[in-house]
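The values are calculated or read from the model by the stated rules, or taken from the named source; none is laboratory data. Quantities reported herein were computed from a predicted structural model and do not represent experimental measurements. Heads up, the Cβs are rebuilt from the backbone with ideal geometry, glycines too, and the neighbour counts pull from every protein chain shown. Just the protein is used for accessible areas: all its heavy atoms, side chains included, with ligands, DNA and RNA removed. Shrake-Rupley method; radii C 1.70, N 1.55, O 1.52, S 1.80 Å.
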Amino acid sequence: MASSRVDLDGNPIKPITICMIGAGGFIGSHLCEKLMSETPHSVLALDVYNDKIKHLLEPHTLPWASRIQFHRLNIKHDSRLEGLIKMSDLTINLAAICTPADYNTRPLDTIYSNFIDALPVVKYCSENNKRLIHFSTCEVYGKTIGSFLPKDSPLRQDPAYYVLKEDESPCIFGSIEKQRWSYACAKQLIERLVYAEGAENGLEFTIVRPFNWIGPRMDFIPGIDGPSEGVPRVLACFSNNLLRGEPLKLVDGGQSQRTFVYIKDAIEAVLLMIENPARANGHIFNVGNPNNEVTVRQLAEMMTQVYSKVSGEAPLEKPTIDVSSKEFYGEGYDDSDKRIPDMTIINRQLGWNPKTSLWDLLESTLTYQHRTYAEAVKKVIAKPVAS
C-alpha cells in the first residue's frame, strides 16, 4: 500500500504515526476509518470514550489491528499526553466543547475546553518539533460585514460582504454579555497562539475551519446516547424532533443561512492535509460546501421530506414551530446571519472540492439515524412516567 501511494507532487507517501486527540468523536471516528481502510498510517487514538470507534478496535483479528491503539484519557489532567505526542509524527487535535446550547449556559467550561485545555497540546508539539493539525471552527468569523448594513441595502447581496475568506475576513463578535461568543473567542485565541508558535518558534501547523460537517454518528440524540436535557446542533436537534414525531423548532424563524458538507467529503480534505505537509503547513483552510447553502427553515423543510422518504412515515400536518432564541438557548444568545466559505485557498493548495449534494448527505444521515435510533426512541416515548 505504501509504495503505490503518492502525494499531490508525485512523491511516495511514507507511513506515519498520528496522535489523534478526540478520536472517539464524530469527526475522529470517520477519520480513523479512512486511515485504517485506505492508508498505511498508524493512529494513537486518544479520547474519554470509544463507542464510535469500537468497530475499528475489535476484534483483534482486523487487518489494521496493529496500526490503531486506543488510550482512554482526558487531556485536562493526564501526564501521558506529552509522551504520546513525542511518539508521533503528527498530532491532530479534535477535542472541543462545540454545542451551541453550552456556549452561554456553560461559558467557563466552553472557554477552558477550547482554549486552556488546548494549550499543552500546542506547547508539546512546538517544544518537540511535531507537526500539528488543529481543528478550529467557522464560528471564528462571527458576524458578516453585511449583517451590519441596512436590511434593504443591495450590498447585502454582494459576496464581498458575506463570503468568508481565511486570509481577509475580519472576526466580528457580539458584546461581552452575549456569552454565546465564548466559544468563538476561545477558538480564535487558540488559533492565534498556534499561528504565533509557527511564526516565532517554527511550529509546523495547519488550522482547519469546518463549516457544518454532517453525516452518520454526529452529535447525539437526547436521552438515547446523550443527556436528556441536552441541546445538540441544529441538524441533530431536527433529527431528534423527527424521530420523536415532534414539530421541528425554528429559532427566531429559522432565517439564519448555513452551508453543510458531507463528512466523507470533508475527511478527504483532511487526508490531503495529512499527506501533503508541504502544501498544507502554515495554512488555514475553510472546509465546507458553498453549494449547499440554505436557511435553517429550508433545512427543516428538506429534512422533513427526506425523513418521510427514509422512514415511510407521513410528515406532521404542522411540521415546524417558531421559538425565540431566549426560550431555546437561554439568556445571552446571539448568532451570525450567514456562514458561506470561500474555497480558493484549499482548492489552490490541495485541489479539493466537495461533491455531495445537500439532499444526498441528508438522506445518508437520516437513514443511519432512523436505523440506529428509531426503536430506542419509541421505547423512551412509550415508557410510563412515574407519578
Furthest towards positive pole of dipole, T372, G24, G174, structure part the chain, Cβ charges: T372
Largest to smallest accessible area among D158, D265 [probe 1.4 Å]: D158, D265
Charge dipole (debye, nearest 20) of the chain; +1 at Cβ of Lys and Arg, -1 at Cβ of Asp and Glu: 560
Lys, Arg +1 and Asp, Glu -1 on Cβ, resulting dipole of the range 1-75 about Cα centre, debye, nearest 20: 120
For the range 168-305, share of DSSP beta bridges that run antiparallel, in % to the nearest 5: 25
Top of P120, P290, P12 by mean-square fluctuation, Gaussian network on the chain, Cα under 10 Å: P12
Radius, Kirkwood style, for the range 47-129 when every pair of distinct Cα atoms is counted (Å): 14.8
Rounded, prolate or oblate (a/c below 1.5 giving rounded, otherwise prolate when a/b exceeds b/c) for the range 83-191 by Cα gyration tensor: oblate
Highest-MSF residue in the chain out of G215, G202, G22 [GNM, Cα springs under 10 Å]: G202
Amide H partners (placed H, <5 Å) of G142, local residues excluded: I172
Positive-end residue of V163, N353, P290, charge dipole of the chain with Cβ unit charges: N353
Whole-Hz ³J(HN,Hα) from phi, Karplus 6.51 cos²θ - 1.76 cosθ + 1.60, for the range 9-22, glycine and proline x: 9, x, 8, x, 8, 8, x, 10, 9, 10, 8, 10, 8, x
Dipole-positive endmost among A314, T110, P100 within the chain (Cβ charges, Cα centre): A314
Surface per residue (accessible, 1.4 Å probe) for the range 96-375, Å²: 43
Per residue Cα convex hull volume in Å³ - calculated over the range 1-149: 155
The chain, helix-only ellipticity at 222 nm - DSSP H runs n ≥ 4, -39,500 (n - 2.57), divided by all residues, nearest 500: -11000 deg cm²/dmol
Within a Gaussian network of the chain (alpha carbon springs, distance under 10 Å), most fluctuating of V194, V377, V261: V377
For the range 259-275, Karplus couplings with θ = phi - 60° (6.51, -1.76, 1.60), whole Hz, Gly/Pro x: 10, 10, 10, 6, 4, 5, 5, 5, 5, 4, 5, 5, 4, 4, 5, 4, 9
Assigned charges on the beta-carbon of Lys, Arg, Asp, Glu; the range 55-176 dipole about Cα centre (debye): 220
Sequence ranges 368-374, 167-173, 14-20, ranked by mean other-Cβ count within 10 angstrom, highest first: 14-20, 368-374, 167-173
Antiparallel bridge percentage (DSSP; both residues within the range 96-375; nearest 5): 15
Cα Rg, Dmax, the chain, angstrom units: 20.9, 69
Subset of K151/K249; K165/K355; K264/K378; K54/K318; K178/K378 violating a 32 Å alpha-carbon distance limit: K54/K318; K178/K378
The range 96-375 - percent of accessible surface contributed by carbon and sulfur, probe 1.4 Å: 50
Amide H within-cut-off set for L164, under 5 Å, with H built and near neighbours excluded: I340, D342
